[in-house]
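Asks: Sharing a structure with you now.
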Amino acid sequence: MDEIKVETNEYMHEKEYVDDLESGNNTYGEKINYVAISPDGSIIATFNPYGSSISITKAATSDKAKICFDKDKFKKSSNIIGWSLAVSDIIDTENDTCLVAISCVTDKDTNPKETEKCGLSKFFQYFIKKKLSFWDSQLFLISLFILYYTISSFIATTLPPDFKPHFANLFFYLFFIIIPICILFFYENIYTHKILVTDNKQFRLCCTSNEGMINLFKFSFKYNNDNNDDVNNYSIFHLGGVVNFLKNSKNSSKNSATLICINCVKIRRINIRLDKNIFVSEEDTYLLPENLFEKLESFGDSRCNWNYLLKSNYQEYLMVDTSDHYKIYIELYDVNNLQLVNIFYRHREENCLISNNDEPGIFAISTDSRLFAYSNNDNIITLYLIENGLEVVSKKFDNINKIKFLEFIEKDKKLFIVEKDKGGDAKFHIWLMSGCLNDYFSISRDDICLSDSNIPSLSRYDIHNNTLTKSNGKVVLRNKDYEDQFEIISEITIKRTTFSENDIITDVHEYKSNDLEPWNNSIKNVYGRFLNNDRRLLLIIGQSSIQLWKSKSTNFVDFDDFKNFENSNLVYILISDKIKPGTKFLIEDDMTTVIIHACKSLTYLYKHANRTNNSRENYQRFVGGIVNIIKDFIKRYPDNWKIMEVQYPLMAYLIYSRSFSLIKYILFDVNDQSAEKLHKPQNKYFSYSSRYDLELYDDLELKDENSNPANDLELALKFCQEQDAVMLGYLLEYYSENSMNHIGWMINVTKILPELSELSNYGYYGNYMDLLVHKPCFGGMKYNFPIKRFRALSVCEDTLKVYMPLTKLLSINSSDFFLYNKIREDISSDTYMVPLPNFTTHDEKIEIKKGIIYFLRKTLFPPSYKNLEDENFSPFLQIKKNGKTFFSIPAIEATINSRWYHAMAYWIRPLGLYAMFLILFTTIPQYPSIGENNTINVVLQTFLYIGVGIFYYIGLYLLMIEFMQIRKYKRDYFTIFDIFDLGSIIFGIIVFSLDFIPNNIIMKHIRIMYATATLILWIEMLLWLRLFSIMAINIFIFENILKRIIPFFAFMFILIVGFADSITYLPISDLSPDDPGYPFTTIWKSILSMYYMNIDSLNDKSDNSSFKLFVFIANLTIVLVLFNMVIAYMNGAFEKAKNDGNHGLLKYRKELIDDFERLNISFNNPKLYETPYICYLHEPELMKKWKQKSQELRETKLYSWFRESSDKENITYDDGVDITTWYELISSNENQDSL
């Protein structure tokens, strides 16, 4: 309870200053001044709301400019509770012009009240817009066809009574085909509202007006900045909040900028263009992330809301942190692209049960947007990788009280930390981001040239109101005594040391080259000397290596005492062809340099393994010695290794050098456990610094830029041959097992799945795909995001119900908001995730065309296919597996269902066209012919010709779809269903055309053909109805039952034929073969007689006893035995057929999704359905088969398929070796030179 009391009192004490925030008085002896820095860090602006000007300074040249500022143009001081200042980059280089934005906010802006009338009015408008969003040109065309039949039916009412029955069929076909389709379509979506709960409070609040105001000022470093007219300033009324200018991108328009204004409900993007005047256009308004909105709403205090919002925002990023008893959930949004960047987790410390919820955490983002640092207002900093959301390391600083400010500086090599000590004073610290042992330094004010007036007191407004600010690796501290003066911190020189040899001449000794450089075939000797005359360390400078050996005893006695690995430990080695005679020994970054050089040396040894004539055993000892360096460091300093591993491509070197045991040690430790999580996946090698990127591809001899692997998993896949394939197994096992806690582990697995699925034809590692998809994450990964708002993508019966979490900022000017609702609390615990981020997304963009020509082209002709290769589509579309096992995987079923609604909404249009095709085919021949040449007959004939034209158009339209598919898929097109689709349309058009031939001789045959064609077209109609799950499952059940029972039907048919053929030889006393009622005239009649034996008894046909006995045996066999066997067989096959029917449904959906997403169309905003994450509701019955197999394979590792010999290297690792003194030496100042 003491901790609670202290925390509360401190908050109340710090809050006292805000009560007089706008009085103009000094607070804690300081004036209320604001400072802002441009996104690129080049421009700095300062102002005091009670001053007369805004001061602008160029950081590089210290050029200054001033803008007149009049506070009276804003709201009354009594209404204003806070200010926000922002400055843009140089947006007009010719005139050296920038923009400044000042915003004031009122109580209403930070604590809005709902206006019911306005909110409901806009709510209704967007609801109507949502319903109309489904409409497009093809539906318009179908509606015209329906209108055609409606008019035809109306004309039928004017006909004589004798002709009305013919037109009654029009209503039959129209309503008994269209209405069932509509019912089925409704049935697909009926369950949505049973699972999601509507909550539109935030939307209604965003419709309320604001009282705040934004003033924009244009200024130039070249010309006079006169803001007394409307040319150089612009006011935006009824809008206030935290303002920020976005960083100008390469695609940004010239002389333009984008301003972001964030208040407690919404985010407003404002486009600004400079000419002679300032031109402002509002791009759009977006809702605040829901968790941030709810957090601010819970405070109920305007000033608290304002401070919280200021601290949650940094440039284009918006951070939201929420928590429960076990975790802190951190959401990071990019306001520039309106997307969730990632979600990070931080586990609570055992003794940290209380947190100050009125403040968000402290965070910093590296300038390359790769690293994310977070502190929960304590003395712990957690470092994350932004691209995957995974924690790299969490470091506790025991000599720091509370962290209040963070920023990456010096190209992200250092993290600048501002501490608030127990006395409330500011102290400064540096954390090096290289992973070296000596990575933490406390910085004095002299080290960064700060005077007392530059040191902030760390009262709340110092950080929240931008008197201490940052941008692009620069930190700005305002001078408290002079409002337009400040200090910029972008580099901090730290007195670090290097480990190297000095210039003192020492004795040199020669050693045999084949002992110390067994990878060389040279007979030249190598030279050794004691490092700086220290007999503990022997330095070897060879022809292609630098080696440092430490004696296992205290010192080497002399040069002859050195016996290689027998009495020495290899503590450092660099092997490279770049080493020349006279090269000096130098370690710049203590163990970071040692580990990087060790990994590079392993790569060199692998490349030269087959080029040496020296002892293989000696060569292998060096491999073991290098591995020993790395293993021992990891064992002692795992956190330092974690930072190194994300900063440098160490795993790539280990993969290339086929260091099997070392890779396994890093991933699974000695006990096959990945508790330390020493390796993190990263998308691209070029995310490391460019210097290491270039060296990596040179070291690994990867010259082809187009086929170079992008990450460790792709590199392992590239080497997936024979025993080298074990490395891919290690990584896949490691990623899939860890992904149960965070989906970010699978970012690279998603990309290689298509290629991995093709490995099934390659040796013993062909089972990787099958084993991987039965890992627990593919059906047991629980949804653990703090986001509780979803969009239902597919909620059909008998299939997994799929949802899309809200991972973007919603525009209030679209109907998107109404597609997302909160999931019910009672089923939220049953929500699971597909473990493959971005599985269905791709970067391919469609140019949206407009105009009457494009409209007619899209309406009258089927869309063409995109001229793209498979690799340009999503990984989901690239996977070619279609087996039953593949479709039984919950993650795959959920993925298919997530894309289905969008695809079905497109294919419903060709279904509608086919329905019209069938209606026209069956009704046009029924048009009556009225002999009289009157007006009615002319109208009927006209509508007849129109109907014929429409029929041929639809037929050709559907044929074009089929022919385009043949051209696209070639041999893959020719399946039974596709051939039936094509044949039914062609046959229907031919028969329809023959019906117009006026020839009574062939009319009888045409009628038979027409009846056959009608039946075929109705069957095709049933196949089209596979678009709806309930119909599709029944069709596939019928198909599967038929497949299973056909062999039995063949057996039964042969038996019936045998009985039928045999009975023709038996005498029938009452009839002769010439009699019309003789049942066995032909073999066909005999077969029919046998088949209908249970209906038409043959026992009465003759009194012959042999005939009666034969009939009795046939009746017993066929009727009693065979028919009952059929019934029993079908009952047993139904459950199996039902399961296979679900697989058939998923396979059919995948085919249509694949075809749809390859079409070159812009249909109903494809981005609306794209999501990096897919969620589904846990259904035990639907997942039972997968669960059983997953449980069977639970203990099987992906790498257990390999022989044990391929999993080991012939190396030794001595656990008894103690080289602690080596670590102390390299990380201390002893024997080192200052930088």
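Asks: Report, in listed order, any pair from Lys1147/Lys1197; Lys1136/Lys1184; Lys64/Lys218; Lys413/Lys578 with a Cα-Cα distance greater than 20 Å.
Replies: On the way: Lys1147/Lys1197 29 Å; Lys1136/Lys1184 14 Å; Lys64/Lys218 14 Å; Lys413/Lys578 26 Å.
Distance filter (> 20 Å) returns Lys1147/Lys1197; Lys413/Lys578.
Asks: With all protein chains present, calculate the accessible area of Thr106 using a 1.4 Å probe and round the result to the nearest 10 Å².
Replies: Surface open to solvent at Thr106 totals about 0 Å².
Asks: Here is a follow-up. If you plug each phi of segment 976-989 into the Karplus form 6.51 cos²θ - 1.76 cosθ + 1.60 with θ = phi - 60°, what whole-Hz ³J(HN,Hα) values come out, in order, with x for Gly and Pro?
Replies: Each residue of segment 976-989 in turn: 4, 5, 5, 5, 5, 4, 5, x, 5, 5, 4, 4, x, 5 Hz.
Asks: So what is the relative contact order for segment 277-378, in percent, with contacts set as C-alpha pairs under 8 Å and at least six apart?
Replies: On the way: 107 pairs, mean separation 18.0, N = 102.
RCO, segment 277-378: 18 percent.
Asks: Can you give me the distance in nm between label points at Val938 and Leu338, each placed 7 Å from the Cα along the Cα-to-Cβ direction?
Replies: 5.6
Asks: When you take every Cα atom in segment 876-927, what is the radius of gyration, and what is Dmax, the widest Cα pair distance, in Å?
Replies: Every Cα atom of segment 876-927 included, Rg and Dmax give 17.7, 53 Å.
Asks: Here is a further query. Collect residues whose amide H, placed 1.01 Å from N in the peptide plane, falls under 5 Å from the amide H of Ser500; neighbours closer than 5 in sequence don't count.
Replies: Close amide H contacts, sequence-distant or interchain: Ile587, Asp1233.
Asks: Under the rule of at least 5 residues apart or a separate chain, name every residue whose amide H is placed under 5 Å from the amide H of Ile43.
Replies: HN-HN under 5 Å from Ile43: Ser38, Ala59.
Asks: Right, here's the next one. Given a cut-off of under 8 Å on Cα pairs at least six residues apart, what relative contact order in percent is computed for segment 772-926?
Replies: Numbers: 125 pairs, mean separation 46.7, N = 155.
It comes to 30 percent, rounded to a whole number.
Asks: Which shape class applies to segment 546-635: rounded if a/c is under 1.5, otherwise prolate when a/b exceeds b/c and oblate if not, where a ≥ b ≥ c are the square roots of the Cα gyration tensor eigenvalues? Mind dumping the intermediate values first?
Replies: Working: a/c = 1.33, a/b = 1.12, b/c = 1.18.
Judged from the Cα gyration tensor, segment 546-635 comes out rounded (a/c under 1.5).
Asks: Pick out, in residue order, every one of the GluC sites (Glu not before Pro) in segment 773-879 that is DSSP loop and has at most 13 other C-beta atoms within 10 Å; say none if there are none.
Replies: Working: sites: Glu797, Glu825, Glu844, Glu847, Glu869, Glu871; in loops: Glu797, Glu844, Glu847, Glu869.
Here the sparse-neighbourhood loop sites are Glu797, Glu844, Glu847, Glu869.
Asks: Let me ask you something else. Please list, ordered by chain and number, the residues whose modelled amide H lies under 5 Å from the amide H of Tyr865; skip anything fewer than 5 residues away on the same chain.
Replies: Residues meeting the criterion, in which the H sits 1.01 Å from N, are Asn1160.
Asks: Each residue of segment 721-726 in order: what ³J(HN,Hα) in whole Hz does its phi give by Karplus 6.51 cos²θ - 1.76 cosθ + 1.60, θ = phi - 60°, with x for Gly and Pro?
Replies: Rounded to whole hertz, the list is 9, 6, 5, 5, 5, 4.
Asks: Considering only protein heavy atoms, with the full assembly of protein chains and a 1.4 angstrom probe, order Thr807, Thr493 by accessible area, largest first. Kindly include the intermediate steps, with their values, before the conclusion.
Replies: Details: Thr807 10, Thr493 120 Å².
Greatest to least solvent exposure: Thr493, Thr807.
Asks: How high is the relative contact order of segment 268-334, in percent, counting Cα pairs under 8 Å that sit 6 or more residues apart?
Replies: Numbers: 59 pairs, mean separation 12.7, N = 67.
RCO, segment 268-334: 19 percent.
Asks: Related question: Please list, in order along segment 269-282, the HN-Hα scalar couplings obtained from phi with the Karplus expression 6.51 cos²θ - 1.76 cosθ + 1.60 (θ = phi - 60°), rounded to whole Hz, x for Gly and Pro.
Replies: The phi angles translate into 9, 10, 8, 10, 10, 9, 9, 6, 10, 9, 10, 10, 9, 7 Hz.
Asks: Roughly how much of Lys642 is accessible, in Å² to the nearest 10, using a 1.4 Å probe?
Replies: So the heavy atoms of Lys642 present about 30 Å² to solvent.
Asks: I need the trypsin sites (Lys or Arg not before Pro) found in segment 235-314, filtered to DSSP loop residues with at most 11 other beta carbons within 10 Å of theirs. Provide the component values of the computation, followed by the final result.
Replies: Numbers: sites: Lys247, Lys250, Lys254, Lys266, Arg268, Arg269, Arg273, Lys276, Lys295, Arg303, Lys311; in loops: Lys247, Lys250, Lys254, Lys276.
Those satisfying the criteria are Lys250, Lys254, Lys276.
Asks: Under 1.5 on a/c is rounded, so check that first for segment 883-982, then, if it is not, pick prolate when a/b is larger than b/c and oblate when it is not; a ≥ b ≥ c are the square roots of the alpha carbon gyration tensor eigenvalues. Can you show the working numbers first?
Replies: Details: a/c = 3.77, a/b = 2.65, b/c = 1.42.
Note, shape of segment 883-982 comes out prolate.
Asks: Cα gyration tensor of segment 281-403, axes a ≥ b ≥ c as square roots of the eigenvalues: rounded (a/c below 1.5), prolate (a/b > b/c) or oblate?
Replies: Numbers: a/c = 1.90, a/b = 1.26, b/c = 1.51.
Oblate shape, in that a/c is at least 1.5 and b/c is the bigger or equal ratio.
Asks: Using a 1.4 angstrom probe on the protein heavy atoms only, line up Trp1201, Trp431 by accessible area, largest first.
Replies: These residues rank, largest area first, as Trp1201, Trp431.
Asks: Top to bottom by accessible area (1.4 Å), largest first, where do Cys182, Cys207 land?
Replies: On the way: Cys182 80, Cys207 20 Å².
Sorted by accessible area, descending: Cys182, Cys207.
The values are calculated or read from the model by the stated rules, or taken from the named source; none is laboratory data. Note that the coordinates shown come from a computational prediction; the quantities given were computed from them, not determined experimentally. A quick note on method: Cβ atoms are made from the backbone with ideal geometry, for glycine too, and the neighbour counts reach across all protein chains shown. Remember, those area values only see protein heavy atoms, side chains included, never the ligands or the DNA or RNA. Shrake-Rupley method; radii C 1.70, N 1.55, O 1.52, S 1.80 Å.
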